[in-house]
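S.K.: My structure is below; once you've seen it, I'll send some questions.
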Amino acid sequence: MSKMQRHQQEALWEFVHTELTYINKLIIIRDLVMAALEKLQHKGFLLEVSPELLFSNLPSVLDAHQLFWQEVIYPLLQEVRRSGKPFDPLRLEAGCLQVRPLPAGVLRVTQYSQSN
């Protein structure tokens, strides 16, 4: 394997690791942070924070990343583990081309945060 191919494989493994870490962090936010905020608000704290605005696109972002993991990354990872061969970066192309434009909710929150 050439030096360039080794670097490419390292980058692909880093991509896989980063995607899984990101999904896990989104799940933590969904399961723990949102629940903690809800409990605090029931006790009268942080009432000025709007969970709907703060986390408005979290479900769709999490769904998109989990779908990408399930349909693209995980099958590729299984193939690499089974065969012992390096990642084929072209196998990611179809999944990456499925990425859609940002939903309106993401744009609305982004515009709101930039205006304040």
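The values are calculated or read from the model by the stated rules, or taken from the named source; none is laboratory data. Remember, predicted model here, so these are calculated numbers, not experimental data. FYI the Cβ positions are ideal-geometry reconstructions off the backbone, even for glycines, and counts take in every protein chain you see.
S.K.: Of everything in segment 53-95, what is of a type in the set (Ser, Thr, Tyr) and surrounded by fewer than 12 Cβ atoms within 10 Å (Cβ to Cβ)? Give them in sequence order.
M.R.: 83
S.K.: Mind checking which pairs have a first residue in segment 46-70 that is more than 30 Å from residue 94 (Cα to Cα) and a second that is part of a helix (DSSP H, G or I) and of a type in the set (Phe, Trp, Tyr), Cβ under 8 Å, 6 or more apart or different chains?
M.R.: Close Cβ pairs (under 8 Å, with a partner that is part of a helix (DSSP H, G or I) and of a type in the set (Phe, Trp, Tyr)) amount to 53/112.
S.K.: Follow-up question, since we're still on this one. Looking at residue 74 and the list (1) among the hydroxyl-bearing types (Ser, Thr, Tyr); (2) touching a residue at least 12 places away in the same chain (Cβ under 8 Å); (3) assigned to a helix (DSSP H, G or I), which single condition is not satisfied?
M.R.: Only one criterion is unmet by residue 74, namely (2).
S.K.: Okay, next question. Checking residue 38 against (1) modelled with pLDDT of 95 or more; (2) more than 13 Å from the chain's Cα centre (by Cα); (3) of a type outside the set (Gly, Ala, Ser), only one condition comes out false. Which one?
M.R.: The one condition residue 38 does not meet is (1).
S.K.: Taking residue 43 and the conditions (1) more than 19 Å from the chain's Cα centre (by Cα); (2) under 26 Å from residue 12 (Cβ atoms); (3) not aliphatic (A, V, I, L, M), which numbered condition does it fall short on, given that it satisfies the others?
M.R.: Checking residue 43 against (1) more than 19 Å from the chain's Cα centre (by Cα); (2) under 26 Å from residue 12 (Cβ atoms); (3) not aliphatic (A, V, I, L, M), the one that fails is (2).
S.K.: Also: Looking at segment 27-49, which of its residues are outside any helix (DSSP H, G or I) and either touching a Ser or Thr at 6+ places or on another chain (Cβ under 9 Å) or surrounded by 11 or more Cβ atoms within 10 Å (Cβ to Cβ) (or both)?
M.R.: 45, 46, 49
S.K.: Could you go through segment 1-14 and let me know if any residue there is aliphatic (A, V, I, L, M), in contact (Cβ under 8 Å) with a residue 60 or more places away in the chain and either exposed (fewer than 11 other Cβ atoms within 10 Å of the Cβ) or not in a helix (DSSP H, G or I) (or both).
M.R.: Among the residues of segment 1-14, at least one is aliphatic (A, V, I, L, M), in contact (Cβ under 8 Å) with a residue 60 or more places away in the chain and either exposed (fewer than 11 other Cβ atoms within 10 Å of the Cβ) or not in a helix (DSSP H, G or I) (or both), which makes the answer yes.
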